[in-house]
Every structure is written in structure tokens, then in C-alpha cells.
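Colleague: One structure follows; several queries about it will come next.
The values are calculated or read from the model by the stated rules, or taken from the named source; none is laboratory data. Model, not experiment: these values are computed from the prediction. Note that we place each Cβ from the backbone using ideal geometry, even for glycine, and neighbour counts take in every protein chain shown. What goes into the accessible areas is simple: the full protein's heavy atoms, side chains included, and nothing from ligands, DNA or RNA. Shrake-Rupley method; radii C 1.70, N 1.55, O 1.52, S 1.80 Å.
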Amino acid sequence: MKKLIAGILVLLLLPNPALSAELWGPASAGMTIKEVMRVIDDAYRLDEEEGGRLATRAVEAVRRDDVELADETFTQRFFFLNGQLSQVTLKLNNTRDFDSMLALVDSLTEIMRDRYGQEVDSEMIQAGAMRQAKVGWIDGNRKIRIFLMSMGEDDSLLNVNYQAYFGG
């Protein structure tokens with residue numbers, strides 16, 4: 001019985017390809033910082049205080065500049081939780097007001113539909129000065145989301161997020 005339990009524990013500790021969702025290109029959920037640096041061309045390491053932090057406590061530790069998508073330039077940000085890659089975010093470099101950015105959301109949505117099929121959700125929210133547009137897909141073991149947000153007349157934030165997803 002002890003050998004059986006030990007065997008099961010060893011299997012649980014081994015990397016499981018079924019649980020390692022491709023997030024972006026050759027980068028997969030669960031990769032270490034060194035592994036991501038090895039497979040992503042032009043990626044560079046960030047000091048702990050330079051990178052961002054997500055609500056999940058994941059920390060941005062690797063970045064790549066000038067990624068092209070829909071004729072726009074994005075900064076690619078790699079977030080790690082407990083030393084393992086958990087999210088890749090593309091942040092638009094040239095922000096504009098919300099209404100101007102909606103056309104880009106539409107363009108990105110068309111590109112994503114071609115790659116991942118029909119979106120699983122899409123919504124537009126307005127609450128006071130805050131406005132949001134979200135479009136999302138589930139592709140195997142990853143969740144992809146276009147997220148646009150603005151507070152008032154200020155420039156908007158536009159991200160395309162790739163997250164590991166193990167839900168149902």
C-alpha cells in the first residue's frame with residue numbers, strides 16, 4: 001500500500017503535458033523563467049520591482065517588446081505564480097480613447113475568431129465614467145480574453161490575455 005501511495009505521489013509531481021496549456025507560441029503554462037527565456041526570442045528578464053503584479057499574486061518577470069498584432073504594437077508580459085508561467089498578456093503600446101479603441105477590439109475579435117472559433121462570451125459594460133469591453137474564448141487548456149477599459153476621457157487600457165485554464 002505504501003508503494004502504491006508513493007507511486008501516485010511521484011506521478012503527481014511529474015510534469016503533465018495534459019495540464020500544460022500553450023499560452024503563447026512555444027511558451028506553456030508551468031514553464032520556469034529560464035525555460036521561457038530560452039524559447040521566446042528577444043525576451044528579457046525584469047527586476048522584481050520593475051514588473052507588474054496581477055490580482056492572483058502572479059508577478060511579471062519576463063517581457064518582450066514590439067510584438068505585432070492587428071497592425072498594432074504590443075508589449076508582451078509573462079506572469080509567474082510560484083515560479084511557473086501562468087499568464088501571458090499583450091498590452092497595447094499606443095493607447096487612445098475608448099471609442100477609437102473599439103474598432104481595434106473588433107479587428108482583434110475577427111483575428112481570434114479565425115484562430116479559436118466563435119467567442120464564448122462578449123460584453124460591454126458602462127458604470128458611471130468606467131467603460132469596459134470584453135471578449136473571450138476557451139481553447140483547450142487556455143482562456144483568451146480581449147479586455148478594453150477606460151475611466152472617463154483618459155486613454156484606455158487594452159490587453160489580450162492568455163491564461164492557463166482548467167475549468168469546465
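Colleague: When you go through Ser20, Ser28 one by one, which is the residue that is modelled with pLDDT under 50 and either touching a Cys at 6+ places or on another chain (Cβ under 9 Å) or among the polar types (S, T, N, Q) (or both)?
Modeller: Values: Ser28 fails: modelled with pLDDT under 50.
So the residue among Ser20, Ser28 that is modelled with pLDDT under 50 and either touching a Cys at 6+ places or on another chain (Cβ under 9 Å) or among the polar types (S, T, N, Q) (or both) is Ser20.
Colleague: May I pose another question? For residues in the stretch 136-156 being over 24 Å from Pro26 (Cβ atoms), at pLDDT below 95 and not polar (S, T, N, Q), which is surrounded by the most Cβ atoms within 10 Å (Cβ to Cβ)?
Modeller: Asp155
Colleague: Could you run through the stretch 90-103 and say how many residues are in contact with an Asp or Glu (Cβ under 8 Å, 6 or more places away or on another chain) and modelled with pLDDT of 95 or more?
Modeller: Total satisfying the criteria: 2.
Colleague: If you don't mind, there's one more thing I want to ask. If the Cβ limit is 6 Å and pairs must be 6+ apart or interchain, which residue in the stretch 68-91 that is without any contact (Cβ under 8 Å) to a residue 40 or more places away in the chain pairs with which residue that is open to solvent by less than 20 Å² (accessible area, probe 1.4 Å) and among the hydroxyl-bearing types (Ser, Thr, Tyr)?
Modeller: Listed by first residue and then by second, the contacts come to Arg77/Thr89.
Colleague: Continuing with the same structure: For the stretch 30-89, which positions are on the phi > 0 side of the Ramachandran plot and either of a type outside the set (A, V, I, L, M, F, W, C) or open to solvent by 40 Å² or more (accessible area, probe 1.4 Å) (or both)?
Modeller: Across the stretch 30-89, the qualifying residues are Gly30, Asp42, Arg57, Asp66, Asp71, Asn82, Gly83.
Rundown of residues vs (1) among the β-branched types (Val, Ile, Thr); (2) more than 30 Å from Ile33 (Cα to Cα); (3) touching a helix residue (DSSP H, G or I) at 6+ places or on another chain (Cβ under 6 Å), yes/no style:
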residue: Val88; (1), (2), (3): yes, no, no
residue: Leu92; (1), (2), (3): no, no, no
residue: Leu104; (1), (2), (3): no, yes, no
residue: Met112; (1), (2), (3): no, no, no
residue: Asp121; (1), (2), (3): no, yes, no
residue: Met124; (1), (2), (3): no, yes, no
residue: Gly128; (1), (2), (3): no, yes, no
residue: Gln132; (1), (2), (3): no, yes, no
residue: Gly136; (1), (2), (3): no, no, no
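Colleague: Condition check: assigned to a loop (DSSP other than H, G, I, E, B) and touching a Leu at 6+ places or on another chain (Cβ under 8 Å). Does Thr95 satisfy that?
Modeller: Yes, satisfied.
Colleague: Sort out which residues of the stretch 120-157 are assigned to a loop (DSSP other than H, G, I, E, B) and either more than 23 Å from Glu22 (Cβ to Cβ) or touching a Gly at 6+ places or on another chain (Cβ under 6 Å) (or both), and write them in order of number.
Modeller: Correct list: Val120, Gly128, Ala129, Gly152, Glu153, Asp154, Asp155, Ser156.
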